[in-house]
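Undergrad: Dumping the structure here so I can ask a few things about it.
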Amino acid sequence: MSGPTDRPFYAGLMFDIAKLKVAEGAKFKLRSIDPQETIGWDGDREEAQAQTRELNGRLEELQELLYAEGVHRVLFVLQAMDAGGKDGTIRHVLEGVNPAGVKVASFKKPSSAELAHDYLWRVHAQVPGNGEVVVFNRSHYEDVLVVRVMDLVAKDVWKRRYHHIRCFERLLVDEGTTIVKVMLHISKDEQRERLQDRLDRPDKNWKFDPRDLLAREKWDAYMDAFEDAIAETSTAHAPWYVVPANRKWYRNLAISEILVQTLEGLDMSYPPAPPDIRSMVIPD
Ligand code: ATP
Ligand code: MG
């Protein structure tokens, strides 16, 4: 396979995903990123949509290869504020891929059985196996986000979790998992509009959860928690990408680029055919 930047497969505009990546150990300021921006992309909306369609075709091929080869494991972690676009992003990513090789794991409020264990117990049980892609809809990062903001454990308890998470992800990577972590970054105004839409549209009412308003009240505390979590755990082997997500067409393009470029970076090939395949005859 070719490397991530060779682009042998289509003649699209270049999208520099490195601009969305948070460098390990760098001073990271979430508030310096404008959720309205289209960082790394010079084209317009139509060009973005055309490029996204092509990328999704490529993603299908790469996922098929990953599944057929059965060697690599891919973990895609998605975090966002409520109405940040996780569901839409997951629908977008899964469009066209082979469902046999892709799974979504959603992490809700822990059950009593989950709370009776360490916080990574339920997470480790969902990580991808050989040839699989697993999308985490929320993740172990809730244990340093909602848990911190809503004071569910003491400060010294959530603080030491950054270290656990770095080690946990190192373990997964050492054992053959590729990890990509994305924060969908929307503005507080955008969230208001999306929540209002859930109130106004009968077909979206089911998505409205009054508890989302409690989290909205603590917006600034959440931004601090996201900023620290990302700064503490973005590493070369398990990087965070912060994707400005007010514009859905840009968000979809960025996500497709990140996934395609990540999969292109894996050294994959189809498993060898049985040696005598050319001489085999299918009986009538
Ligand atoms: P949507 O964005 O469509 O509302 P969702 O991801 O918010 O979907 P919900 O079932 O509404 O799904 O909410 C899941 C809730 O569980 C979130 O409020 C989240 O913060 C909470 N949660 C997840 N993990 C934990 C955890 N470890 N501790 C406490 N709360 C958690
Ligand atoms: Mg919710």
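Undergrad: Residue 266 is checked against (1) touching a helix residue (DSSP H, G or I) at 6+ places or on another chain (Cβ under 7 Å); (2) surrounded by 13 or more Cβ atoms within 10 Å (Cβ to Cβ) and fails just one. What number does that condition carry?
TA: Exception for residue 266: condition (1).
Undergrad: Residue check, residue 178 against (1) touching a strand residue (DSSP E or B) at 6+ places or on another chain (Cβ under 6 Å); (2) over 21 Å from residue 130 (Cβ atoms), all met but one. Which one?
TA: That leaves (2) as the condition not met.
Undergrad: Note down all Cβ pairs under 9 Å where the first residue falls in segment 80-94 and is within 17 Å of residue 241 (Cα to Cα) and at pLDDT below 95, the second is more than 10 Å from ligand 2 (Cβ to nearest atom) and of a type in the set (Gly, Ala, Ser), and they're at least six residues apart or on different chains.
TA: 93/256
Undergrad: Determine the pairs where a residue that is aliphatic (A, V, I, L, M), located within segment 204-227, has a partner that is more than 11 Å from ligand 1 (Cβ to nearest atom) with Cβ atoms under 6 Å apart, the partner being 6 or more residues away or on another chain.
TA: Between residues of segment 204-227 that are aliphatic (A, V, I, L, M) and residues that are more than 11 Å from ligand 1 (Cβ to nearest atom), the close pairs are 223/30.
Undergrad: A further question follows. Restrict the check to segment 41-48 and report whether at least one residue is surrounded by fewer than 18 Cβ atoms within 10 Å (Cβ to Cβ), outside any helix (DSSP H, G or I) and either touching a helix residue (DSSP H, G or I) at 6+ places or on another chain (Cβ under 9 Å) or among the small types (Gly, Ala, Ser) (or both).
TA: Among the residues of segment 41-48, at least one is surrounded by fewer than 18 Cβ atoms within 10 Å (Cβ to Cβ), outside any helix (DSSP H, G or I) and either touching a helix residue (DSSP H, G or I) at 6+ places or on another chain (Cβ under 9 Å) or among the small types (Gly, Ala, Ser) (or both), which makes the answer yes.
Undergrad: Take the residues in segment 144-162 that are in contact (Cβ under 8 Å) with a residue 60 or more places away in the chain and either of a type in the set (Gly, Ala, Ser) or within 16 Å of ligand 2 (Cβ to nearest atom) (or both); name whichever of them is nearest to residue 240 (Cα to Cα).
TA: That would be 145.
Undergrad: Take segment 154-177 and flag every residue that is surrounded by 15 or more Cβ atoms within 10 Å (Cβ to Cβ) and either outside any helix (DSSP H, G or I) or modelled with pLDDT under 95 (or both).
TA: Selection gives 177 alone.
Undergrad: Quick one: is residue 197 more than 16 Å from ligand 2 (Cβ to nearest atom), assigned to a helix (DSSP H, G or I) and free of Cβ contacts under 8 Å to residues at least 60 places away in the same chain?
TA: Answer is no for this residue.
Undergrad: Please determine, by comparing only the residues of segment 97-143 that are within 16 Å of ligand 2 (Cβ to nearest atom) and of a type in the set (Ser, Thr, Tyr), which one is surrounded by the most Cβ atoms within 10 Å (Cβ to Cβ).
TA: Looking at the filtered set, the residue picked out is 141.
Undergrad: For residue 58, only one of the following conditions fails: (1) within 24 Å of residue 189 (Cβ to Cβ); (2) charged (D, E, K, R); (3) not in a loop (DSSP other than H, G, I, E, B). What is its number?
TA: Residue 58 satisfies every listed condition except (1).
Undergrad: If only one of 193, 217, 257 is away from ligand 1 (no atom under 16 Å from the Cβ) and either over 28 Å from residue 133 (Cβ atoms) or surrounded by 12 or more Cβ atoms within 10 Å (Cβ to Cβ) (or both), which one is it?
TA: Selected residue: 257, the only one of 193, 217, 257 that is away from ligand 1 (no atom under 16 Å from the Cβ) and either over 28 Å from residue 133 (Cβ atoms) or surrounded by 12 or more Cβ atoms within 10 Å (Cβ to Cβ) (or both).
Undergrad: Looking at (1) β-branched (Val, Ile, Thr); (2) within 13 Å of ligand 1 (Cβ to nearest atom); (3) assigned to a strand (DSSP E or B), which is the one condition that is false for residue 147?
TA: With (1) β-branched (Val, Ile, Thr); (2) within 13 Å of ligand 1 (Cβ to nearest atom); (3) assigned to a strand (DSSP E or B) applied to residue 147, the lone miss is (3).
Undergrad: Can you spot a residue in segment 178-187 that is surrounded by 12 or more Cβ atoms within 10 Å (Cβ to Cβ), polar (S, T, N, Q), touching a Pro at 6+ places or on another chain (Cβ under 6 Å) and modelled with pLDDT of 95 or more?
TA: yes
Undergrad: If residue 178 satisfies every condition in (1) within 16 Å of ligand 2 (Cβ to nearest atom); (2) in contact with a Ser or Thr (Cβ under 7 Å, 6 or more places away or on another chain) but one, which is the exception?
TA: (1)
The values are calculated or read from the model by the stated rules, or taken from the named source; none is laboratory data. All values derive from a computational prediction rather than experimental measurement. Because the Cβ atoms are built from the backbone with ideal geometry, glycine has one as well, and the counts that use them run over all protein chains shown.
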